[in-house]
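Read the structure below first, then the notes.
The values are calculated or read from the model by the stated rules, or taken from the named source; none is laboratory data. Quantities reported herein were computed from a predicted structural model and do not represent experimental measurements. Methodologically, a virtual Cβ is constructed for each residue, glycine included, from the backbone with ideal geometry; neighbour enumeration extends over all protein chains shown. All accessible areas refer to the heavy atoms of the entire protein, side chains included, with ligands and DNA or RNA removed. Shrake-Rupley method; radii C 1.70, N 1.55, O 1.52, S 1.80 Å.
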Amino acid sequence: MKTKWKFLDSDGLKIIAVVTMLIDHIGAALIEGVILQGSAGASYYWYEVDYVLRGIGRTAFPIFAFLLVQGFLHTRNRGRYFGRLTLFALLSEIPFDLAFHGKLIYTGSQNVFWTLLIGFLVIWGMRAIVDRIGGGAAAVLSSGLIVAIGCYAAEALGTDYDMYGVFLIALFYFGEFVGISRILTCFVGYLLFLWEPQCIVGFALLLFYDGTRKKRGRGFQYFFYLFYPVHLLILGLLRVAF
């Protein structure tokens, strides 16, 4: 049921997430990667600028995790959704390495699409268990095992937000599927991410989601997918150039 204080649709959340992510990555790739890393005598001012930019960027991931769950719950073709995530995880890896490590290939960490991809597989597995055996202790234990495997995979691969990101996706899915208050799931999610206290803004914005998903065509949909590798590639090239 839509209420007056719920005014953000999925596109509104996407735009906020993309903008705050861009701000965050400018700080990580250019301020940290060029100015602070390239000069031992960098002004304290730049550390302050970086702190503000990275703090704003903490808004993005809770929104992306939540929207992934919404997409999973509403998509008509989960296999195609999985394919898109895989494609853009692969396309984003070199731009990610350039932007954050200044190298074409860096195996120590992987881009956030891998986190979303693993999270998607986890909640797909959770749903398959319920569809096959229903509820009960067996379903809970099996789902817990799938979440644990997903968290381990994210840690082993070094994906962005690693096990915390995967667990948050599973938490959002469980909350939406069971019908737990979103206030409660966001509160638990925030406790999970207390090491990034500024992310409270992202969790708070989810409380204003009105449950609607706009249909503006594939072009608008793919813009949000393409934005990630394209903006990272631009930032990466700027980092290398300077």
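Order the following by accessible area, largest value first: Ser181, Ser109. Probe radius 1.4 Å; ligands, DNA and RNA are ignored. Display every interim value, and only then the final one.
Numbers: Ser181 65, Ser109 25 Å².
If we order Ser181, Ser109 from most to least accessible, we get Ser181, Ser109.
Which value does Rg/Rh take for the chain over its C-alpha atoms, Rh per Kirkwood?
Working: Rg = 18.4 Å, Rh = 18.8 Å.
Across the chain, the Cα-based Rg/Rh ratio is 0.98.
Could you sort 22-29, 113-120, 99-106, 148-155 so that the peptide with the highest average Cβ count within 10 Å comes first and the rest follow in order? Numbers along the way, then the final one.
On the way: 22-29: 20.2, 113-120: 26.4, 99-106: 16.4, 148-155: 18.5.
Highest mean packing first, the order is 113-120, 22-29, 148-155, 99-106.
If ligands, DNA and RNA are left out, what is the accessible area of Tyr81 with a 1.4 Å probe, given in Å² to the nearest 10?
Its accessible surface works out to 20 Å², give or take rounding.
Taking the highest mean first, how do the peptides 48-59, 220-231, 69-80 order by number of other beta carbon atoms within 10 angstrom per residue?
On the way: 48-59: 17.8, 220-231: 15.7, 69-80: 13.4.
Packing order, densest peptide first, comes out as 48-59, 220-231, 69-80.
Taking the Cβ of Asp50 as the centre, find all other residues whose Cβ is under 15 Å away and add up their charges (Lys, Arg: +1; Asp, Glu: -1).
On the way: positive: Arg54, Arg58, Arg239; negative: Asp24, Glu32, Glu48, Glu196.
Residues near Asp50 contribute -1 overall.
Can you give the accessible area of Leu90, probe radius 1.4 Å, in Å² rounded to 10?
Here the residue's solvent-accessible area equals roughly 110 Å².
Could you state how much accessible area Thr86 has, in square angstrom rounded to the nearest 10, with a 1.4 Å probe and all protein chains kept in place?
40
Setting aside same-chain residues fewer than 8 positions from Lys14, which aspartates and glutamates have a Cα under 16 Å from its Cα?
Asp24, Asp210
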